[in-house]
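Read through the structure below, which is laid out as structure tokens, and then see the notes.
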Amino acid sequence: MIVKYLLYPFGFIYGIVLKIRRLFYEKKWLQSYKFPVPIIVVGNLSMGGTGKTPHVEFLIRHFSSKLHLATLSRGYGRKSKGYLLASQLPEEDKTAQMLGDEPLQFMTKFPSLEVAVCENRVLGIEKLLLDRPETEMILLDDAFQHLSVKANCNVLLMDFNSPYYNDFPIPAGRLREFPTTAKYANVIVVTKCSPNLSDKEKKEIEERINPTKNQEIYFSTYLYEQPVPITEKAQCITLSSDTPIVLISGIAHPESLQKFVQKTYKNVICYHFPDHYVFKEQDLNKILWENEKTMEQGGIILSTEKDVMRLVTGVTKKIISLHPLFALPIRVEILFDEKEKLIKKINSYVRKD
């Protein structure tokens, strides 16, 4: 705790620098680029773990049936550099190492979606529109701080369990900017809420956020769907509450995931790694050795969809293919019957000139 207080001056300086940077863009001393198609940004103030991937998928599900949609991400954790369009890559290069786990997940789940990665969002959008001029909308993943792109709508996510109004910029806290920066968002979504969130709790959070006149606040929760068999060994297994589970995750804040799995299955052994962790051969070998009897007794390996993208590519592909691997899909649900209201709100920005 003492160390945290000692770090506050550094967090303050970091926040001030980022605040000045935003001011430079507001004053147009630094240039923001506007594009001929609507740009929707999904981002956060914290260093991760707010649920960007399932919320981007929520938007993909809605808009991909109506528009020629594309996503553009940095491709966090990939070994490649520069701009890449997934549909232009040979099959052997469509891996987490080339694209990053989240873009690979988008590509895998939504085959008709154009998925691009580029560290430079302006360059990425320009190249994407050249390659796919039929594109009618672009979703920018994790780009709330990428001010060089003039977005039509900024969707800011806040984890219910780690609200930004109780946090501070790094290194004293986990924020990328001061909490007051939330005023630049058009829509704020409080994520990972209990499905039974009360009206009283909702109102208390709204009061703490204190939205601007034009902002709207929404609340979402996770729905965990039936595990999907990934490897051949998993195809012939029927899961039950008695099935032994070896849960492997490499995501930020895996608490809700672990809680759900332990509630659903009686025998669960958990292995948690850092967010976007690149699994090594020795990691899997160690886990399998420690759970040899569990696997012999009909146990399975369960992981998130994002983690599976990294498990089935690279050096771990051969090892994991010999064992029953299941992915646990996550779907976002907007609480208080406000899904259509949220979509309508985003559409109102999309239609603006």
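Values quoted throughout were computed directly from the atomic coordinates according to the rules given, and no laboratory measurement underlies them. Being a predicted model, the structure only gives us computed values, none of them experimental. Note that we place each Cβ from the backbone using ideal geometry, even for glycine, and neighbour counts take in every protein chain shown.
Side notes on the structure shown:
- Residue-span extension gain [K341 to M47] - 0.36 nm each, minus C-alpha spacing: 103.0 nm
- DSSP beta bridges fully contained in the chain are about 20 percent antiparallel.
- Looking at region 250-353, the trypsin sites (Lys or Arg not before Pro) that sit in a DSSP loop and have at most 16 other Cβ atoms within 10 Å of their own Cβ are K266, K280, R351, K352.
- When the chymotrypsin sites (Phe, Trp or Tyr not before Pro) in region 1-39 are filtered for DSSP coil states and for at most 15 other beta-carbon atoms within 10 Å of their beta-carbon, the remaining sites are W29.
- In the chain, helical runs assigned H by DSSP with n ≥ 4 each contribute -39500 (n - 2.57); averaged across all residues and rounded to the nearest 500, the mean residue ellipticity at 222 nm is -10000 deg cm²/dmol.
- Of interest is the spacing of the C-alpha centroids, which for region 25-68 and region 170-243 amounts to 16 Å.
- Check: region 226-328 dipole with +1 on Lys, Arg Cβ and -1 on Asp, Glu Cβ, in debye: 60 debye
- Taking all Cα pairs closer than 8 Å and separated by 6 or more residues, the relative contact order of the chain comes to 21 percent.
- Debye, to nearest 20: dipole size of region 133-182, +1 on Lys, Arg Cβ, -1 on Asp, Glu Cβ: 240 debye
- T264-Y33 FRET efficiency (beta carbon distance; Förster radius 30 Å; 0.05 resolution): 0.05
- A straight chain from K109 to S321 at 0.36 nm per residue would run longer than the Cα-Cα distance by 74.4 nm.
- Since only L247, P9, Q105 are under comparison, the one whose Cα sits farthest along the positive direction of the charge dipole of the chain, derived from C-beta charges on Lys, Arg, Asp and Glu, is P9.
- Think of each Lys and Arg Cβ as +1 and each Asp and Glu Cβ as -1; about the Cα centre, that makes the dipole of the chain roughly 1060 debye.
- Gain in span if fully extended, S148 to K202, counting 0.36 nm per residue against the direct Cα distance: 16.1 nm
- DSSP bridge pairs, region 226-328: antiparallel proportion in percent, nearest 5: 15 percent
- Among S46, S112, S73, the ranking by other beta carbons within 10 Å of each residue's beta carbon, starting with the fewest, stands as S112, S46, S73.
- Coil-residue trypsin sites (Lys or Arg not before Pro) of region 30-99, DSSP, other Cβ within 10 Å capped at 14: K34, K66, K79, K81
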